[in-house]
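Undergrad: This is the structure I have questions about; it appears just below.
The values are calculated or read from the model by the stated rules, or taken from the named source; none is laboratory data. It should be emphasised that the depicted structure is a prediction, and the values quoted were computed from it without experimental measurement. Don't worry about glycine lacking a Cβ; one is built from the backbone with ideal geometry, like all the others, and counts go over all protein chains shown.
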Amino acid sequence: MVLSWLDWSFIICYLIFTLFIGFWASKDASKGTESYFLAGRNLPWWWTGTSVAATTFAADTPLAITGIIATKGISGNWIWLSSILLHCAVIFLFASNWRKSQVLTDSELIAIRYSGKSAKYLRSFRAFLYGIIINCIILGWVLRAMVKIVKPFFHWESWTPSLYQGLLSIWPENFVLGSPSEGLTIISLLALVAVYSTAGGIRGVILTDLVQFFIALFGSFIFAYFALQEVGGLTALNERLITLYGQNHHYLDLFPSSDSSWFSSLQVGAFSFGLYLWVQSFSSSPADGGGYLMQRLGTCKTPEDARKATLLFVLLQYCVRIWPWFIVALCALVLIPLGQEGTVFQGMAQSVAADRESAYSVLMGLILKPGFIGILLVSLLAAFMSTIDTHINWGASYIVNDFYCVLFPNSTSKSQIKVARLTVSFFAILAILVASQITTIERAWQWMAALGAGLGFPTIMRWFWWRINAISEILAIIVGVSVAVILHFTSIPYEVQLICIAFAGIAGTLAGVFLGKPADEKTLNSFIERIDPMGFWNDKKPHRTKNLLVSCIRLAVIFTGFLLFLKAGQLVLMLNFVAAILMAILGAATIFASIKMNKLAAS
């Protein structure tokens with residue numbers, strides 16, 4: 001596929017813009033580590049919320065969704081849609097606490113919540129696990145996805161044939177970055193991200209994210225529109241899915257049915273699916289909204305702003321941006337069918353049979369006209385770069401705050417920022433190495449969930465129960481990872497493995513409660529004074545348990561509202577518009593009610 005001059009104009013203008021923002025923000029970023037990593041804690045909440053949505057809008061996501069829907073239908077996306085429960089919990093339980101904690105990284109929270117040598121070991125380990133291991137897994141699958149996207153459109157063999165031929169002689173066979181053509185594209189993009197993210201710090205990252213998100217969102221809606229036009233509209237999409245895959249196909253099901261092959265191991269019912277939903281939600285990322293989400297919340301002006309930012313992010317994440325991805329993936333089932341004949345692009349079915357995720361980028365080249373291809377490519381470049389810049393900055397915050405500053409407590413701000421900027425190449429190299437071990441994006445998601453499943457329970461409970469200690473988290477890690485390794489060599493389905501790992505982590509946590517000592521009284525009192533946490537604390541103030549109950553009620557209400565919104569979207573795809581409107585109204589009402597339940601909390 002050859003890009004037109006109009007396509008290239010869009011791409012070049014966008015790349016120049018990102019560099020400009022990075023250098024513009026560099027002056028503020030150089031003031032100190034808090035300016036570099038948290039933008040001085042004075043950014044507007046809507047900047048922060050949109051930036052988080054941009055970060056999670058990665059270039060890998062539409063490709064992964066295309067592959068998941070081809071094998072499991074819409075219901076297969078609960079592997080990542082499950083995070084809606086976690087993110088709703090962050091709104092009411094964790095967002096304001098993170099802002100009040102004043103920490104630079106989530107690992108630093110361990111230093112103010114626990115005491116003793118075990119707390120120091122735990123802080124270092126969690127910084128290593130999330131800041132390096134999980135961070136590089138995420139960077140790895142994003143790189144792998146981008147190779148699939150750029151392959152049909154960037155042709156260095158034609159632009160610089162001598163350079164291409166020179167690299168071809170030394171290029172490793174089956175390299176993770178593809179051929180020298182894809183490799184040069186990815187390396188160039190990584191270098192550009194490194195320049196503007198290291199120059200501008202988190203402020204530069206968030207400013208570019210604001211533009212990147214809306215470009216990415218616009219591009220995905222444009223693609224969905226043209227894909228639907230190619231199919232013939234929603235009615236034709238439904239009819240062709242039935243023609244190709246039978247009346248009883250499950251591609252449009254929002255929840256897995258009892259005969260869904262991917263979930264038959266649990267004999268799907270309300271309880272078993274709910275159990276899986278809870279475990280998957282709190283195991284695929286830090287269970288209390290830590291990580292890069294916590295870093296973004298730390299940039300807000302106030303704890304209330306942190307809560308507003310999280311709500312905006314959840315609305316953008318689950319009510320707006322997912323539907324164009326679903327539509328394109330469903331259209332791909334019709335236009336590039338699963339090994340069947342008689343369709344518009346039947347010649348392409350064989351080329352994507354071995355890698356269904358690549359159907360997304362292949363379809364781009366087949367149905368989009370010049371100009372629109374450039375817009376969509378810019379949107380995917382924006383999605384890719386917004387994820388990479390966040391994870392580079394986030395990873396550097398662990399290296400500086402939880403390793404360098406601990407080893408060299410008297411280091412200057414200038415030296416800390418220098419170390420932060422030097423870590424960029426370190427993460428880029430590690431990401432390439434990790435990407436070489438990733439077969440599919442969905443599988444990488446499963447790896448990350450298995451690593452975090454055992455830690456979910458103690459990570460949540462440390463905010464609500466004074467008796468949780470550092471030993472609880474350490475034992476949860478040991479037991480959870482041990483069970484994960486053992487189950488990896490069995491034929492037990494992933495969903496069942498995850499539940500087993502989570503319950504093993506709970507057992508390890510409770511063992512640590514009885515075997516270890518709680519944090520000393522001085523540390524606990526300092527934590528309580530700073531956070532004013534809900535739940536069960538040794539000061540036994542009754543308002544803490546009442547506030548926790550009210551927050552859990554609000555969580556249940558707002559979670560129900562988002563489920564109703566998701567159901568409304570599914571009903572639109574199934575052409576049941578009257579029921580969809582009713583569901584959307586009910587969803588909006590429940591979300592609004594959960595936000596306005598302040599009187600109950602104050603009574």
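Undergrad: Has the range 161-176 got at least one residue that is farther than 19 Å from Ile322 by Cβ and of a type in the set (Val, Ile, Thr)?
TA: Yes, some residue in the range 161-176 is farther than 19 Å from Ile322 by Cβ and of a type in the set (Val, Ile, Thr).
Undergrad: Among the residues of the range 283-323, write down those that are assigned to a helix (DSSP H, G or I), over 20 Å from Gly587 (Cα atoms) and hydroxyl-bearing (Ser, Thr, Tyr).
TA: First, pick out the residues of the range 283-323 that are assigned to a helix (DSSP H, G or I): 283, 292-297, 303-320, 322-323.
Cutting the leftovers down to over 20 Å from Gly587 (Cα atoms) gives us 283, 292-297, 303-306.
Result: Ser283, Tyr292.
Undergrad: Quick check, is Lys72 crowded, with 17+ Cβ neighbours inside 10 Å, basic (Lys, Arg) and modelled with pLDDT under 85? So that I can check it myself, show each step before the final result.
TA: On the way: crowded, with 17+ Cβ neighbours inside 10 Å: yes; basic (Lys, Arg): yes; modelled with pLDDT under 85: no.
Taking the combined requirement at face value, the residue does not satisfy it.
Undergrad: Which residue is surrounded by the most Cβ atoms within 10 Å (Cβ to Cβ), if the candidates are limited to the range 451-462 and must be among the small types (Gly, Ala, Ser) and either under 27 Å from Ile149 (Cβ atoms) or at pLDDT 80 or above (or both)?
TA: Looking at residues that are among the small types (Gly, Ala, Ser) and either under 27 Å from Ile149 (Cβ atoms) or at pLDDT 80 or above (or both), I get Gly454.
Undergrad: Taking the conditions exactly as written (at pLDDT below 85, among the aliphatic types (A, V, I, L, M), crowded, with 23+ Cβ neighbours inside 10 Å and out of contact with any Ser or Thr (no Cβ under 6 Å at 6 or more places or on another chain)), does Ala194 satisfy them or not?
TA: no
Undergrad: Okay, next question. Which residue is modelled with the lowest pLDDT, if the candidates are limited to the range 354-388 and must be in a loop (DSSP other than H, G, I, E, B) and not aliphatic (A, V, I, L, M)? Even if it seems obvious, please write down each step before you answer.
TA: Going through the range 354-388, the residues in a loop (DSSP other than H, G, I, E, B) turn out to be 354-355, 368-371.
Then drop every residue that is not not aliphatic (A, V, I, L, M), which leaves 355, 369-371.
Values: Asp355: 75, Lys369: 81, Pro370: 80, Gly371: 82.
Restricting to residues being in a loop (DSSP other than H, G, I, E, B) and not aliphatic (A, V, I, L, M), the top hit is Asp355.
Undergrad: Right, something else. Might you let me know whether the range 174-187 holds any residue that is polar (S, T, N, Q) and either touching a Cys at 6+ places or on another chain (Cβ under 7 Å) or modelled with pLDDT of 85 or more (or both)?
TA: Checked the range 174-187: no residue is polar (S, T, N, Q) and either touching a Cys at 6+ places or on another chain (Cβ under 7 Å) or modelled with pLDDT of 85 or more (or both).
Undergrad: Look through the range 454-504, keep the residues that are touching a helix residue (DSSP H, G or I) at 6+ places or on another chain (Cβ under 6 Å) and among the polar types (S, T, N, Q), and return whichever of them is farthest from Leu122 (Cα to Cα).
TA: Among residues in the range 454-504 that are touching a helix residue (DSSP H, G or I) at 6+ places or on another chain (Cβ under 6 Å) and among the polar types (S, T, N, Q), the one farthest from Leu122 (Cα to Cα) is Gln497.
Undergrad: So Asn135 fits all but one of (1) buried (at least 16 other Cβ atoms within 10 Å of the Cβ); (2) out of contact with any His (no Cβ under 6 Å at 6 or more places or on another chain); what number is the exception?
TA: Single failed check for Asn135: (2).
Undergrad: Still on this model: Tell me the helices (runs of 4 or more DSSP H) entirely within the range 75-160 that contain at least 1 residues that are among the acidic types (Asp, Glu) and touching a residue at least 12 places away in the same chain (Cβ under 8 Å).
TA: 108-113, 156-159
Undergrad: Looking at the range 394-443, which of its residues are at pLDDT 75 or above and of a type in the set (Phe, Trp, Tyr)? I'd like the intermediate steps shown before the answer.
TA: Step one: filter the range 394-443 for residues at pLDDT 75 or above, giving 394-420, 422-423.
Within the range 394-443, Trp394, Tyr398, Phe403, Tyr404, Phe408 meet the criteria.
Undergrad: Return the pair list, or none, for Cβ contacts closer than 8 Å from residues in the range 215-242 that are closer than 23 Å to Ile373 by Cα to residues that are among the basic types (Lys, Arg) and in a helix (DSSP H, G or I), at least 6 apart or on different chains.
TA: Val231/Arg240; Gly232/Arg240
Undergrad: Hey, can you tell me all the residues within the range 469-506 that are closer than 11 Å to Ala450 by Cβ, among the β-branched types (Val, Ile, Thr) and either touching a Leu at 6+ places or on another chain (Cβ under 8 Å) or part of a loop (DSSP other than H, G, I, E, B) (or both)?
TA: Within the range 469-506, Val481, Ile501 qualify.
Undergrad: How many residues are among the small types (Gly, Ala, Ser) and within 20 Å of Phe282 (Cα to Cα) if we restrict to the range 484-501?
TA: Of the residues in that region, 1 qualify.
Undergrad: With the condition kept exactly as written, say whether any residue in the range 110-123 is among the charged types (D, E, K, R) and touching a Lys or Arg at 6+ places or on another chain (Cβ under 7 Å).
TA: Yes, the range 110-123 contains at least one residue that is among the charged types (D, E, K, R) and touching a Lys or Arg at 6+ places or on another chain (Cβ under 7 Å).
Undergrad: Further question: Hey, can you tell me all the residues within the range 526-543 that are touching a residue at least 12 places away in the same chain (Cβ under 8 Å) and not in a loop (DSSP other than H, G, I, E, B)?
TA: Ser526, Phe527, Arg530, Ile531, Phe536
Undergrad: I need the full set of residues from the range 44-74 which are within 16 Å of Leu311 (Cα to Cα) and part of a helix (DSSP H, G or I), in order please.
TA: Trp45, Trp46, Trp47, Thr48, Gly49, Thr50, Ser51, Val52, Ala53, Ala54, Thr55, Thr56
Undergrad: Would you mention how many residues in the range 463-477 are under 25 Å from the mean Cα position of the chain (by Cα) and free of Cβ contacts under 8 Å to residues at least 60 places away in the same chain?
TA: Selection size over the range 463-477: 1.
Undergrad: Identify the single condition in (1) at pLDDT 85 or above; (2) within 22 Å of Gln497 (Cα to Cα); (3) not aliphatic (A, V, I, L, M) that Tyr130 does not satisfy, given that it satisfies every other one.
TA: (1)
Undergrad: Which residues, counting only those in the range 274-307, are charged (D, E, K, R) and touching a strand residue (DSSP E or B) at 6+ places or on another chain (Cβ under 8 Å)?
TA: Lys301
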